[in-house]
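Trainee: Got a structure for you, written out below as structure tokens; questions coming shortly.
The values are calculated or read from the model by the stated rules, or taken from the named source; none is laboratory data. Since this is a predicted model, take the numbers as computed values, not measurements. So basically every Cβ, Gly included, is an ideal-geometry build from the backbone, and we count neighbours across all protein chains shown. Note: accessible area is taken over every heavy atom of the protein model, side chains too, but ligands, DNA and RNA are not part of it. Shrake-Rupley method; radii C 1.70, N 1.55, O 1.52, S 1.80 Å.
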Amino acid sequence: IKRRLKENKRNLFGSKLIKIPVPKFVVFYNGEIDRPEEYELRLSDAFEKQVDSPELELVCKVYNVNIGKHAKIIEECKVIRDYMTFVDYVRKYYEEQDKEDYDLAINKAIDRCIEEGVLVDFFRLNRAEVVKNMQLDYTFERQIEMEREDAREEGREEVAKNLLAIDMPIETVVKYTGLPIERVKQLCE
């Protein structure tokens, strides 16, 4: 914009409206949760209080680029197709190893991609960085999942305590909370 202002000698602080290019916001989704091929995210969906006409709105188009989803983008954009091929290989190798060695899955996927001519130059130049970034993503996602599980466990224990406080039988508490009987007995004490 500064360059345009200089070229056109426009007054940035003047009262005349300066036209700008139309912004477009796009997200390429490649997560493992099943999502539609295309959908929209709206900033207003995150507002604490829903309003009919938000004073500020941002609409972002989301394209699901997982293999088997948005065929048009996958066909037309080789980089996204190659990236998703790599991601699918990582997922496949990780599952085959019973989710034991994520590094091995990443490296096997990179090796296979190189053999098949997928992102060859990129992987040869950036292999260590790719492995590191994939590990960080996985570690972050795994941490979030562990925190969620901890919170669910704490919630179940809180419910169990409340049920025990009203003299509900231990077997019933186990049934409704899903906690092991040993843990419910510990909570009784």
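Trainee: Helix 120-165 versus the longest principal axis of the chain: what is the Cα-based angle in degrees, 0 to 90, to the nearest 10?
Mentor: Value to nearest ten degrees: 40.
Trainee: Then there's this: Using only Cα atoms and rounding to the nearest 10 degrees, what angle (0 to 90) does helix 78-96 make with the longest principal axis of the chain?
Mentor: So the inclination is approximately 20 degrees.
Trainee: Still on this structure, I have one more. Take the solvent-accessible surface of the protein heavy atoms, probe 1.4 Å, and return the percent of it on the chain that carbon and sulfur atoms account for. Mind showing how you got there, number by number?
Mentor: Numbers: 7650 of 14510 Å².
That fraction is 53 percent.
Trainee: Would you rank Ser53, Ser44, Ser15 by solvent-accessible area, highest first, keeping every protein chain in place and using a 1.4 Å probe?
Mentor: Ser15, Ser53, Ser44
Trainee: If r is the Cβ-Cβ distance from Gln186 to Leu136 and R0 is 22 Å, what FRET efficiency results, to the nearest 0.05? Don't skip to the end; give the middle numbers.
Mentor: Values: r = 37 Å, r/R0 = 1.67.
Efficiency at R0 = 22 Å is approximately 0.05.
Trainee: Taking log10 I(q)/I(0) by the Debye sum over Cα atoms at q = 0.10, 0.13 Å⁻¹ as the quantity of interest, determine which of (i) -0.76, -0.97; (ii) -0.40, -0.69; (iii) -0.56, -0.82 was computed from the displayed structure.
Mentor: Here log10 I(q)/I(0) by the Debye sum over Cα atoms at q = 0.10, 0.13 Å⁻¹ agrees with entry (i).
Trainee: Which value, in Å², gives the accessible area per residue of the chain when a 1.4 Å probe is used on the protein heavy atoms?
Mentor: 77 Å²
Trainee: So what does Lys108 come to for accessible area, using a 1.4 Å probe and Å² rounded to 10?
Mentor: Lys108 has an accessible surface of roughly 80 Å² with all protein chains in place.
Trainee: I'd like the distance separating the alpha-carbon centroids of the stretch 36-84 and the stretch 99-134, in whole Å.
Mentor: 27 Å
Trainee: Also, I was wondering about something else. For the chain, what is the charge dipole size about the Cα centre, in debye to the nearest 20, if Lys and Arg each add +1 at the Cβ and Asp and Glu each add -1 at the Cβ?
Mentor: Computed about the Cα centre, the dipole is about 1840 debye.
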